[in-house]
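One structure is given here, and the rest of the page talks about it.
The values are calculated or read from the model by the stated rules, or taken from the named source; none is laboratory data. Since the structure is predicted, the reported quantities are computational estimates derived from the model, not experimental observations. We place every Cβ from the backbone using ideal geometry, glycine too, and count neighbours over all the protein chains shown.
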C-alpha cells in the first residue's frame, strides 16, 4: 500500500477546510526556513560556479525567486558587494526578526572568512564543488573590506528594516509577494537571478522564464538549483509521475503551489527557446524503480534521461541577440 499517496491526498483535501489552509501555509514557510550557514553555503556556491563559468562575479543588482521566510541568500550577496536585491515569492513568508538575526550571523561568517559549509553539513545544497575553502580568489581582501565597511553594513541593516523603501540609499531591498507581474521592476535592470529548489514549484514555467529573460540585462545570467523529486508525496522519488491529473488536483488541493511535475528537459527547452544559452547543467542521477505502464499517460513517454534526473544545477546567460 502506498501510504505516502494517501497521506498526500489527506493533506490536499484538508486544504479545503476553512482556516486550515492559511494556517498550514504559514507553518510551511516557518518549518522550511533557512539558517545563516545554509544561506552562506547557497550563495557562495552560486558565486563560485558563476566565476568558474565566466560570469561577472560581482553582480550589482540581484534577484531571488522563492526565498521563503529568510532573505539570507540575498543578504549574503549584498555582503559580497551587490547593492540592490529583489526578492520574489508567491506567499508572504518574510520574517523580519529572523532576517535580522540571520544577517548578523552572516556578517560574522564573512568577517571570519568562514569556509563554505560542505555536503556533510548540508547534503541537500548543490552543486557539490571541488573546494570548500573560502573563495578568497573571488572575494578578495580589497573587495570584502569595501563590502563590509561598518557604514555599509548599517545601510544593509536599514534596508532590511525598511523593505521596499524607494529612497536612493546605498543599499536597496525590495520584497514582492505575490510577484507574478512583469511591471514590478524595470526591464533589463537585473544582473543575476537565482533560485534554490523553487522552479519545480512554479505553475507557469514558460511565463516565469519569459519574465526572467525580460528583467535580465543583455549578458545577465541566472543560476538555479532545481529538484525534480516527488518531495515525499510518493513512495518512489519520481512517483509523482504515476499520479493521474485528477489525483494530482486532489493532492494539491487549495495550495498556492505544490509541484509542476515538469522534467529536466522541459526547463532546458524553455530556456533555449526564450533566449538563454545554457552554460552549466550539472545533473544528479537516480535509478528509476517505477514501471512505465504505471506512469500517468502524460508522463509515459518521458525519456530515460528525464526519468532518472532527480536534480540539476543550471546556469544560463541571456543572449545579447538572437543570432548568438
Note to self: Any residue that is over 19 Å from the mean Cα position of the chain (by Cα), crowded, with 20+ Cβ neighbours inside 10 Å and more than 29 Å from residue 91 (Cα to Cα) - is there at least one of those in the range 241-260?
What the structure shows: no
Check: Could you say which residue among 44, 109 is touching a residue at least 24 places away in the same chain (Cβ under 8 Å), more than 21 Å from residue 195 (Cα to Cα) and in a helix (DSSP H, G or I)?
Finding: 109
Item checked: Selected residue (criterion: farthest from residue 213 (Cα to Cα)) from residues of the range 244-286 that are part of a helix (DSSP H, G or I), in contact (Cβ under 8 Å) with a residue 12 or more places away in the chain and touching a strand residue (DSSP E or B) at 6+ places or on another chain (Cβ under 8 Å) -> 264
Item checked: Search result, residues across the range 66-87 that are out of contact with any helix residue (DSSP H, G or I) (no Cβ under 8 Å at 6 or more places or on another chain) and under 18 Å from residue 203 (Cα atoms) -> 66
Next item on the list: Return a yes/no flag: does the range 120-139 have any residue that is surrounded by fewer than 14 Cβ atoms within 10 Å (Cβ to Cβ) and in a helix (DSSP H, G or I).
Entry: no
Next item on the list: Name every residue in the range 181-225 that is in a strand (DSSP E or B), within 16 Å of the chain's Cα centre (by Cα) and surrounded by fewer than 17 Cβ atoms within 10 Å (Cβ to Cβ), in order of residue number.
Entry: none
Checklist line | Qualifying residue in the range 297-317 (condition: assigned to a helix (DSSP H, G or I), in contact with a helix residue (DSSP H, G or I) (Cβ under 6 Å, 6 or more places away or on another chain), loosely packed, with under 14 Cβ neighbours inside 10 Å and at pLDDT 95 or above) | finding: no
Check: Mind checking which residues of the range 161-176 are at pLDDT 85 or above and either in a helix (DSSP H, G or I) or loosely packed, with under 14 Cβ neighbours inside 10 Å (or both)?
Finding: 161, 162
Next item on the list: Take residue 45 and decide whether it is over 21 Å from residue 231 (Cα atoms) and either at pLDDT 85 or above or in contact with a helix residue (DSSP H, G or I) (Cβ under 6 Å, 6 or more places away or on another chain) (or both).
Entry: yes
Next item on the list: Would you check if residue 67 is exposed (fewer than 15 other Cβ atoms within 10 Å of the Cβ) and not in a helix (DSSP H, G or I)?
Entry: no
Notebook entry, point to check: Residues of the range 1-38 being under 26 Å from residue 233 (Cα atoms), assigned to a helix (DSSP H, G or I) and at pLDDT 70 or above, which ones?
Noted result: 3, 4, 5, 7, 8, 9, 10, 11, 12, 13, 14, 38
Item checked: Residue within the range 49-59 that is closer than 19 Å to residue 161 by Cα, surrounded by 14 or more Cβ atoms within 10 Å (Cβ to Cβ) and modelled with pLDDT under 95 present -> no
Next item on the list: State all residues of the range 151-160 that are out of contact with any helix residue (DSSP H, G or I) (no Cβ under 7 Å at 6 or more places or on another chain) and surrounded by fewer than 20 Cβ atoms within 10 Å (Cβ to Cβ); if no residue qualifies, say none.
Entry: 151, 152, 154, 155, 158
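To keep it simple, each residue is scored yes or no on (1) more than 25 Å from residue 225 (Cβ to Cβ); (2) within 22 Å of the chain's Cα centre (by Cα).
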position: 124; (1), (2): no, yes
position: 128; (1), (2): no, yes
position: 135; (1), (2): no, yes
position: 148; (1), (2): yes, no
position: 151; (1), (2): yes, no
position: 155; (1), (2): yes, no
position: 159; (1), (2): yes, yes
Check: Is it true that residue 103 is assigned to a helix (DSSP H, G or I), surrounded by 15 or more Cβ atoms within 10 Å (Cβ to Cβ), on the phi < 0 side of the Ramachandran plot and under 22 Å from the mean Cα position of the chain (by Cα)?
Finding: yes
Next item on the list: Scan (1) touching a helix residue (DSSP H, G or I) at 6+ places or on another chain (Cβ under 7 Å); (2) closer than 27 Å to residue 123 by Cα for the single condition residue 210 breaks and write down its number.
Entry: (2)
